[in-house]
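*Asks:* One structure, as structure tokens, below. Some questions next.
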Amino acid sequence: MTSEITLAFAHPFERSEATAAPGPLDRISLRDHIVTVDIGAFQKERGAPQRICFNVVVEVQPLSGPIDDDVDRILSYDRVTEAIAKALADERLNLLETLAERVAERILREPQAMRAFVRIEKLDRGPGALGVEIVRARGQVLPVRAAVEKARHPELVYLSNAAIASPYLKGWIDQLETLGRPLIFCVGAPDGLAPQTGHRMAQRRIDLLAIEQNAWVLASKDNRCVVVATRTELDWAMKNGQSSVWAPSKIVLDAVDGPSAQPRDAVALAAWFAATFDAEEMLVIGADLPREASVALRAASADVAVL
């Protein structure tokens, strides 16, 4: 039992050695790699960057021929640090467990990588280090990001309040479905003034929630429109042909590189969201176009039956 406890708290390198399968494997390791990042599920952790420490060990298949001192023939340490940097850049995360999974997933895309040991610890949350450690083998992890890249590009559509209330709404959705692409609808806040607080962050959340209320109004108009709040839900919807209505709070608040547009500038905010899909354009029905947007915009009237 003592040896098991010792091994549980040992460096991932020692765990790799102790649990290795028969046959030779090489190992590369990254020790005590510290980055400062905004992460955590508690409200007090938002906007309060903290240090997290990575220790990573990757078991790799030995090369069959000579290396010839060629860096392109090996799994470089840079690939490990890039996996960490890209996982952190995707979006703000609440859980170290999610971050560890994404780092392991990226590492195991490398053709030589066989197993990845990933330990991540928060250094500023208490008197000691608080963390998580996972081990994943090739074939164990779902290639989420790769699957997303293969998903069809969606059709982004912004609907004004007049468009939501229009008798043509169901007909527009019928027309858009003939394009054969996943549909994602974006809306603004309902008519009327949301509660005003004078507090910038609180007001931003209130305004985002107002948009989400209107998303549910749209969903009530047509059963094909399903309100979604996360990229995971959106990715699933796009792969399964479901029309979605964007509830923006989580994606906006969790964005590493967040939008400059405020919730009251709903078309510009939706255009920022469309740009995260590398959309070529967004259709805007019944609303004025902003002077600047993150993606090309095409306007349509809320008073016509055919788009």
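Readers should treat all values here as calculations from the given coordinates under stated rules, not as data from a laboratory. Source: prediction; values computed, not measured. Note that we place each Cβ from the backbone using ideal geometry, even for glycine, and neighbour counts take in every protein chain shown.
*Asks:* Sorted from fewest to most neighbouring beta carbons within 10 Å, what does the list ARG31, ARG231 look like?
*Replies:* Lowest count first: ARG31, ARG231.
*Asks:* On to the next question. Starting from the amide H of GLU155, placed 1.01 Å from N in the peptide plane, find each other amide H under 5 Å away whose residue is 5 or more places distant or on another chain.
*Replies:* LEU183, ILE184
*Asks:* Now, a different point. Set the Förster radius R0 to 45 Å, insert the Cβ-Cβ distance between VAL306 and TRP216 as r into 1/(1 + (r/R0)^6), and round the FRET efficiency to 0.05.
*Replies:* Working: r = 27 Å, r/R0 = 0.61.
The calculated FRET efficiency here is 0.95.
*Asks:* Average the reciprocal distances over every distinct pair of alpha-carbons in region 151-300, invert the result, and give the Kirkwood radius in Å.
*Replies:* So the Kirkwood estimate lands at 15.4 Å.
*Asks:* Sort TYR77, TYR168, TYR158 so the one with the fewest other Cβ atoms within 10 Å of its own Cβ comes first.
*Replies:* Sorted ascending by nearby Cβ count, the order is TYR77, TYR168, TYR158.
*Asks:* Please say if region 221-307 is rounded, prolate or oblate, where rounded means a/c under 1.5 for a ≥ b ≥ c the square roots of the C-alpha gyration tensor eigenvalues, and otherwise the choice is prolate for a/b larger than b/c and oblate otherwise?
*Replies:* Cα axes put region 221-307 in the oblate bin.
*Asks:* Run down the lysines and flag those whose C-alpha is under 27 Å from the C-alpha of LYS122, throwing out any fewer than 8 positions away in its chain.
*Replies:* Cross-link targets: LYS44, LYS86, LYS250.
*Asks:* Now a separate question. Using a 7 Å offset from the Cα along the Cα-to-Cβ direction at both VAL256 and GLU292, what is the distance between the two label points in nm, to one decimal?
*Replies:* According to this spin-label approximation, the distance is 2.3 nm.
*Asks:* Same structure again: Assigning unit charges at the beta carbon (Lys, Arg +1; Asp, Glu -1) and nothing else, what dipole magnitude in debye, to the nearest 20, does region 151-300 show about its Cα centre?
*Replies:* In debye, rounded to 20, region 151-300 gives about 240.
*Asks:* On to the next question. Just check region 164-221 against the gyration tensor rule for me: Cα atoms, a ≥ b ≥ c as the square roots of the eigenvalues, rounded for a/c under 1.5, and otherwise prolate or oblate depending on whether a/b exceeds b/c.
*Replies:* It comes out prolate by the Cα gyration axes.
*Asks:* So what are the radius of gyration and Dmax for the Cα set of region 194-270, in Å?
*Replies:* Both quantities, over Cα of region 194-270: 13.2, 42 Å.
*Asks:* Let me ask something additional. Taking LYS170 as the anchor, which lysines have their alpha carbon closer than 24 Å to its alpha carbon, excluding any fewer than eight residues away along the same chain?
*Replies:* Those lysines meeting the cut-off are LYS221, LYS239.
*Asks:* Turning to a different aspect of this structure: Please give me, ordered by residue number, the GluC sites (Glu not before Pro) of region 228-307 that lie in loop per DSSP and have at most 13 other Cβ atoms within 10 Å.
*Replies:* GLU280, GLU292
*Asks:* Additional query: Hey, how many Å between the Cα centroid of region 221-240 and the Cα centroid of region 266-283?
*Replies:* What the calculation gives is 16 Å, centre to centre.
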